[in-house]
1. Looking only at region 199-221, which residues are touching a Pro at 6+ places or on another chain (Cβ under 8 Å) and at positive phi?
2. Quick one: would you say residue 152 is open to solvent by less than 50 Å² (accessible area, probe 1.4 Å) and either under 22 Å from residue 52 (Cβ atoms) or in contact with a helix residue (DSSP H, G or I) (Cβ under 8 Å, 6 or more places away or on another chain) (or both)?
3. Residues that are out of contact with any Asp or Glu (no Cβ under 6 Å at 6 or more places or on another chain), within 20 Å of residue 392 (Cβ to Cβ) and part of a loop (DSSP other than H, G, I, E, B): does region 20-32 have at least one?
4. Output yes when any residue across region 283-290 is within 25 Å of residue 350 (Cβ to Cβ) and either small (Gly, Ala, Ser) or open to solvent by less than 40 Å² (accessible area, probe 1.4 Å) (or both), and no when none is.
5. Pairs needed: first member in region 227-242, in contact (Cβ under 8 Å) with a residue 24 or more places away in the chain and of a type outside the set (Gly, Ala, Ser); second member anywhere, assigned to a strand (DSSP E or B) and open to solvent by 30 Å² or more (accessible area, probe 1.4 Å); C-beta distance under 8 Å; at least 6 residues apart or different chains.
6. For region 350-363, which residues satisfy the criterion of being open to solvent by 30 Å² or more (accessible area, probe 1.4 Å) and modelled with pLDDT of 95 or more?
Amino acid sequence: MMRVLLVNKFYYPRGGDCVAVLATERLLKLKGHAVALFSMKYGDNLSTPWETYFPEEVSFSDASLSGRLKAAMRVFGARDVAARFTRLLNDFRPDVVHLHNIHSYLSPVVAQIARRKGIRVVWTMHDYKLICPAYACLRGGKPCEACFARKSSVFKYRCMKNSRAASLLAWMEAAYWNGKKLERLTDRFISPSLFLKEKMVAAGFRPQQIEVLPNFMPRSPAPPTEKEDYYCYTGRLSGEKGVDTLLAAAGNLPYPLKVVGGGALLNSFRKEYPQARIEFLGQLPSEELFPIVQKARFLVMPSVWYENNPFSVIEALCLGTPVLGARIGGLPELIDTATNGELFTPGNAGELETKIADCFRRFSGHAYDFGKIAAEAQNKFSSETFYKKLIRTYGN
């Protein structure tokens, strides 16, 4: 059995990347593999015996000069990260180093060290960091690909926190850890969507080095149940998710909406949309979230950025719940308008309002087979399907 070292900058269910790492760790252990972890020390991290190897936490919001310098050094490969990672490699002796989100807090120095030791490096992309220094290919609330050709665009447009200093650091990071260097340090990149692979190729990466492997459903969901008369949204409440578009449409409709998720916009949304039919439930654990999604007529994914392969959509489909999604990024790869959902123009509240009303009429009339949606999704996004492809990628 292969010995696998998983690397991610956080080790708790912070976002999709962390959820993927935790799920992959459980799956590999279940299959009999020895699995080690490398991350940054952080207060919310789950407990693990591997944390003794983790480098100290740094913060990019630290206002002190020493804090800023310490964080900046991490971007280019700090000595403490290199020393601790090298010690872990020597002690654990992995066959494969599987990277996830590592920029800034750990940096690609970990790939460089593994490569020098002759260890195979596989890297899963959860966002667009390798081709967009600001991660999201988003500027002014709209998709942007300016950095595909010129990474200096991140500084020109102040894409990082609207800050010249943060954007300059992001530009320097992209120049130092450029695409050609990262290709040399990595055996295979994993893209959870065909869309992301196509964008990486458009930005200069070699297609033959990129494998498409969608995320998987970490646990077996219960079979579909009777639907109730509401629809839902699950995910972060942040600008790129397009929740403002959804709420603008929902405010003109009589149908109950359940919004599950936390984020910077939660309190302002609660004040702006006090209607009883729009219910903000905050962040919920899976055992409370899944029944809500399972009983909903449909889920709405209103993103305005290039969604990759979101767990919220995969979970909904595996629970037998159709998805009304924005026609952007990797979402059209998941949504088949003939079998499991509908699409609309991102950012278009008027069109979304019409689609929501139409979906209530159609889905209430059982236009879609909820059991079939669940069965097909559970097969497509099963842990077994994922594992077989992952092991091939580890070995090729």
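The values are calculated or read from the model by the stated rules, or taken from the named source; none is laboratory data. If you're wondering where the values come from, they're calculated on a predicted model, not measured in any experiment. Here Cβ is always computed from backbone atoms with ideal geometry, including for glycine, and neighbour counts include all displayed protein chains. Surface areas here come from the heavy atoms of the whole protein model, side chains and all, with no ligands, DNA or RNA. Shrake-Rupley method; radii C 1.70, N 1.55, O 1.52, S 1.80 Å.
1. Within region 199-221, no residue meets the criteria.
2. yes
3. Yes, because at least one residue in region 20-32 is out of contact with any Asp or Glu (no Cβ under 6 Å at 6 or more places or on another chain), within 20 Å of residue 392 (Cβ to Cβ) and part of a loop (DSSP other than H, G, I, E, B).
4. Here is the first cut: in region 283-290, the residues within 25 Å of residue 350 (Cβ to Cβ) are none.
No: zero hits.
5. Within 8 Å, the pairs are 230/258; 231/258; 232/258; 233/258; 240/138.
6. Taking region 350-363 and keeping what is open to solvent by 30 Å² or more (accessible area, probe 1.4 Å), we get 350-351, 353-355, 358, 361-362.
Of everything in region 350-363, those that are open to solvent by 30 Å² or more (accessible area, probe 1.4 Å) and modelled with pLDDT of 95 or more turn out to be 350, 351, 353, 354, 355.
Quick grid of which residues meet (1) open to solvent by 10 Å² or more (accessible area, probe 1.4 Å); (2) within 21 Å of residue 229 (Cα to Cα):
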| position | (1), (2) |
| --- | --- |
| 274 | yes, yes |
| 297 | yes, yes |
| 310 | yes, no |
| 319 | no, yes |
| 332 | yes, no |
| 345 | yes, no |
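Residue-by-condition table, conditions (1) open to solvent by 70 Å² or more (accessible area, probe 1.4 Å); (2) in contact with a His (Cβ under 7 Å, 6 or more places away or on another chain); (3) in contact (Cβ under 8 Å) with a residue 60 or more places away in the chain:
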{"residue": "23", "(1), (2), (3)": "no, no, yes"}
{"residue": "38", "(1), (2), (3)": "no, no, yes"}
{"residue": "57", "(1), (2), (3)": "yes, no, no"}
{"residue": "62", "(1), (2), (3)": "no, no, no"}
{"residue": "71", "(1), (2), (3)": "no, no, no"}
{"residue": "74", "(1), (2), (3)": "no, no, no"}
